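Q: Before we start, here is the structure in question, set down as structure tokens.
The values are calculated or read from the model by the stated rules, or taken from the named source; none is laboratory data. All of these numbers come straight from a predicted model, not from anything done at the bench. Here the Cβ positions follow ideal geometry from the backbone for every residue, glycine too, while neighbour counts run over all protein chains shown.
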Amino acid sequence: MDRYLFSKFVAIFAGVLCITFAVLYNFSNSYIISGSIFGTTWSINAEKRINKSDVEKILSDIDIMASNYKYNSEINFLNRGLIKDNIVSDDLHEILKIAYKIQNQNEAYKIGFGHLSASNGFAPVFDEMPNPNLADGKWSINNDKSINVGKNTWLDLSSIAKGYAVQKIHEYLLSKNHKNYLIDIGGELIVNGKNNKNTWKIAIQDPNQFQNSDIYIIESSNFLSIATSGEYRNFLINEGKKISHTIKQNSTNNNDISVLSVTVINNYNATEADAYATALNAQTYPESFIFAEKYNIAAMFIINDYDEISIIKTKKWYDLVP
């Protein structure tokens with residue numbers, strides 16, 4: 001099996017485990033729909049019927065806009081220089097605007113190295129991609145919704161697209177007067193309201209266990225977005241060396257890391273939670289913790305320090321999850 005197919009298999013399998021884990025803790029609600037998208041799986045657990053075709057349409061539209069796997073997605077049209085004046089759609093502008101904000105806050109968060117990630121086997125390689133050895137990842141966004149993409153850049157939205165999709169489904173459910181539900185796309189989640197008058201319970205996977213085994217439980221009966229970024233499942237082995245899917249800070253190499261996973265929660269937007277989780281995972285520790293404290297981010301780090309696992313949380317975490 002080649003690296004591309006293997007990475008797809010790992011992503012799908014990890015997504016299935018994440019969704020299964022969430023649903024096992026919350027199966028008391030009466031209505032569940034599920035499917036597959038973005039190379040992973042999704043589910044919604046709610047108290048009343050949801051129009052599945054509407055949800056699938058939202059997900060399909062985002063896939064066509066943001067997929068780094070689809071040659072003719074809007075983001076890859078932009079990468080290939082095929083969009084007039086580089087003026088993108090409202091949806092793509094919205095997601096890029098959030099990514100650009102976080103990139104300017106945190107130099108470790110870089111979405112412009114898609115060609116390097118592809119060369120390592122985590123996405124398809126397209127003929128138009130720049131030479132990964134010349135990667136600089138430079139890009140910028142203008143007020144007229146036009147995007148400047150550097151010649152040695154290939155934008156990849158895999159660090160933010162699932163969170164954006166979770167957020168859009170949440171907004172759809174609110175528009176249809178749904179109040180109590182759990183949305184899960186490959187482990188990126190929103191919980192809202194209650195689970196049959198009980199709190200929602202979300203298990204954070206123990207990085208030392210491949211089977212479902214929790215290391216921490218998040219409980220909430222209010223709106224909460226939850227995003228986790230980690231390397232313990234999404235990696236490849238090349239010539240005996242582990243290669244992670246996240247490009248680490250100040251390097252174009254995928255280094256071994258001591259942070260096994262980072263979970264970010266907030267009470268306003270899943271898109272930002274997803275991107276911040278990746279940004280913190282891409283940083284070295286404790287710089288990532290310092291950054292999270294500076295920007296008032298509710299984050300939980302699972303650290304491997306000389307084979308000892310520890311859990312460290314920022315101050316903001318305790319405001320949202322007492």
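Q: Could you look through the range 66-102, keep only residues that are of a type in the set (Ser, Thr, Tyr) and assigned to a loop (DSSP other than H, G, I, E, B), and pick out the one that is farthest from residue 275 (Cα to Cα)?
A: Checked the range 66-102; the qualifying residue farthest from residue 275 (Cα to Cα) is 71.
Q: Which ones in the range 295-316 are touching a helix residue (DSSP H, G or I) at 6+ places or on another chain (Cβ under 9 Å) and of a type outside the set (Ser, Thr, Tyr)?
A: Across the range 295-316, the qualifying residues are 296, 297, 298, 299, 300, 301, 312, 315, 316.
Q: How about the range 60-70: which of its residues are surrounded by fewer than 20 Cβ atoms within 10 Å (Cβ to Cβ) and either aliphatic (A, V, I, L, M) or out of contact with any Pro (no Cβ under 8 Å at 6 or more places or on another chain) (or both)?
A: 60, 61, 63, 64, 70
Q: While we're here: I'm trying to understand the selection: among the residues of the range 184-203, which are at negative phi and buried (at least 21 other Cβ atoms within 10 Å of the Cβ)?
A: Residues satisfying the conditions are 184, 185, 188, 189, 190, 191, 192, 195, 200, 202.
Q: On to the next question. What number goes with the only condition from (1) touching a residue at least 60 places away in the same chain (Cβ under 8 Å); (2) under 15 Å from the mean Cα position of the chain (by Cα) that residue 226 does not pass?
A: (1)
Q: Evaluate the following for residue 243: is it modelled with pLDDT of 95 or more, in contact with a Leu (Cβ under 6 Å, 6 or more places away or on another chain) and part of a strand (DSSP E or B)?
A: Here the answer is no, as residue 243 does not meet what is asked.
Q: Can I ask one more? Which of the residues that make up the range 165-178 are buried (at least 23 other Cβ atoms within 10 Å of the Cβ) and out of contact with any strand residue (DSSP E or B) (no Cβ under 9 Å at 6 or more places or on another chain)?
A: Scanning the range 165-178 gives no hits.
Q: Would you mind stating whether residue 43 is within 30 Å of residue 209 (Cα to Cα) and either part of a loop (DSSP other than H, G, I, E, B) or at pLDDT 95 or above (or both)?
A: Yes, satisfied.
Q: Specify which of the listed residues (88, 125) is β-branched (Val, Ile, Thr), without any contact (Cβ under 8 Å) to a residue 60 or more places away in the chain and surrounded by fewer than 20 Cβ atoms within 10 Å (Cβ to Cβ).
A: 125
Q: Here is a follow-up. Restricting to the range 139-157, and then to whatever is in a loop (DSSP other than H, G, I, E, B) and in contact with a Gly (Cβ under 8 Å, 6 or more places away or on another chain), can you tell me which residue is nearest to residue 200 (Cα to Cα)?
A: Out of the qualifying residues, it is 156.
Q: Inside the range 143-181, can you point out the residues that are closer than 22 Å to residue 277 by Cα and among the small types (Gly, Ala, Ser)?
A: Within the range 143-181, 158, 159, 161, 163, 165 qualify.
Q: Pick out the one residue from 299, 282, 275, 292 that is surrounded by 23 or more Cβ atoms within 10 Å (Cβ to Cβ), out of contact with any His (no Cβ under 8 Å at 6 or more places or on another chain) and at pLDDT below 95.
A: Going through 299, 282, 275, 292 in turn, the sole match is 282.
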